[in-house]
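Down below is the structure, laid out as structure tokens.
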Amino acid sequence: MNGFLNVIKPSGLTASDVVVKVRKILNVKKVGHLGTLDPLAVGVLPVAVGKGTKLFNLLLNKQKAYRAFFRFGITTDTLDSDGIITETNDKVVTVDEVADVCKQMVGKQMQIPPAYSAKSVKGTRAYVLARNGNDVQLEPREIEIFKFELLKKVNFNTYMFDIVCSSGTYIRSIVRDMAKKMSTVGYMPALIRTESGMFSIEDALTLDEISLRKEKAILPIDFAISDIPRYEFDAEFCRKLDNGVKVPFVCKDYRKIYCNGELFGIGKSKNGLLDLEYYLK
């Protein structure tokens, strides 16, 4: 069993909880998720199985898409509804004001992760330090928001958005930064991840559905890397690759390397030779 599962993570489970459940359902050891999703959040959680786990580093940096709900005028210590209210503000934001700030948020920027996050601080998760009452100071990191669309006002001071962003973007930090621009505070009451790389919520399966289908639910490895061009080697080159011999190669970008119709690995040119960074045979 090698490939990927497109899982709908339910609210209340961590991404690691989902991995444990998938491991039990399929009775396999090599299982891992491609990108953390907060326990509160629901939606797409790609899970790698078998040889699919070899592609973690390649797939973790794929862009993500979310349906997000932001409530302004109230904030919590976790910046979501799982936290304790820490501040309130009487300001009522307008639709025009929110729409204008959405435009300002698009593009590359430096973002400070939430204190309650899985970021590591000297070997300890930030959320562990925060829960113990420590003052957590995290370094800003560059992220990019490609799309930020205001869909509608849901109810009092609460709005719904579609957001497409780079890997590593914290949606909870976005509501914090938006609120600051409007001289108020805010938090995220709900979040749905609708896309993660090639994985879409329209095709995702619940854990119960995976339990019924088992290995039939696994998508082939090629599914997750369908955006990478294919390169087919002839039989002579394949024999050399099988024996660990470096072969000439001129593509500077990643290529899916096929030998005799079988996915061999993923690599690119390095000093005029094929550097097979991901071996999948």
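The values are calculated or read from the model by the stated rules, or taken from the named source; none is laboratory data. Only a predicted model underlies this, so the values are computations on that prediction, with no experimental measurement involved. Note: ideal-geometry Cβ built from the backbone for every residue, glycine included; neighbour counts use all protein chains shown. In case anyone asks, the SASA skips ligands and DNA or RNA and just uses the protein heavy atoms, side chains included. Shrake-Rupley method; radii C 1.70, N 1.55, O 1.52, S 1.80 Å.
Quick notes on this one:
- Only a single criterion out of (1) within 26 Å of Leu5 (Cβ to Cβ); (2) open to solvent by 40 Å² or more (accessible area, probe 1.4 Å); (3) part of a loop (DSSP other than H, G, I, E, B); (4) not charged (D, E, K, R) is not satisfied by Ser167, namely (2).
- Scanning region 108-133 for residues that are among the aliphatic types (A, V, I, L, M) and without any contact (Cβ under 8 Å) to a residue 40 or more places away in the chain gives Met110, Ala115, Val121, Ala126, Val128, Leu129.
- Members of region 195-206 found to be assigned to a strand (DSSP E or B) and closer than 30 Å to Asp77 by Cβ, listed by number: Glu195, Ser196
- Residues that are open to solvent by 80 Å² or more (accessible area, probe 1.4 Å) and among the acidic types (Asp, Glu) were ranked within region 243-276; the one that is nearest to Asn57 (Cα to Cα) is Asp253.
- Odd one out for Cys102, checked against (1) closer than 15 Å to Leu151 by Cβ; (2) of a type in the set (A, V, I, L, M, F, W, C); (3) in contact with a Gly (Cβ under 8 Å, 6 or more places away or on another chain): (3)
- Boolean, Ile192 is over 23 Å from Lys256 (Cα atoms), aliphatic (A, V, I, L, M) and not in a helix (DSSP H, G or I): yes
- The strands (runs of 3 or more DSSP E) found wholly in region 55-164 and carrying at least 3 residues that are under 25 Å from Met198 (Cβ atoms) occupy 64-72, 107-111, 141-155.
- Of the numbered criteria (1) surrounded by fewer than 19 Cβ atoms within 10 Å (Cβ to Cβ); (2) at pLDDT 95 or above; (3) farther than 15 Å from Leu40 by Cβ, the one Phe72 fails is (1).
- All of (1) in a strand (DSSP E or B); (2) open to solvent by less than 50 Å² (accessible area, probe 1.4 Å); (3) over 22 Å from Val136 (Cα atoms) hold for Ile25 with one exception: (1).
- Options Leu45, Leu40, Leu59: the member that is under 18 Å from the mean Cα position of the chain (by Cα) and either open to solvent by 70 Å² or more (accessible area, probe 1.4 Å) or modelled with pLDDT of 95 or more (or both): Leu45
- Residue match in region 207-216 (condition: touching a residue at least 12 places away in the same chain (Cβ under 8 Å), open to solvent by 50 Å² or more (accessible area, probe 1.4 Å) and either outside any loop (DSSP other than H, G, I, E, B) or over 30 Å from Asn157 (Cα atoms) (or both)): yes
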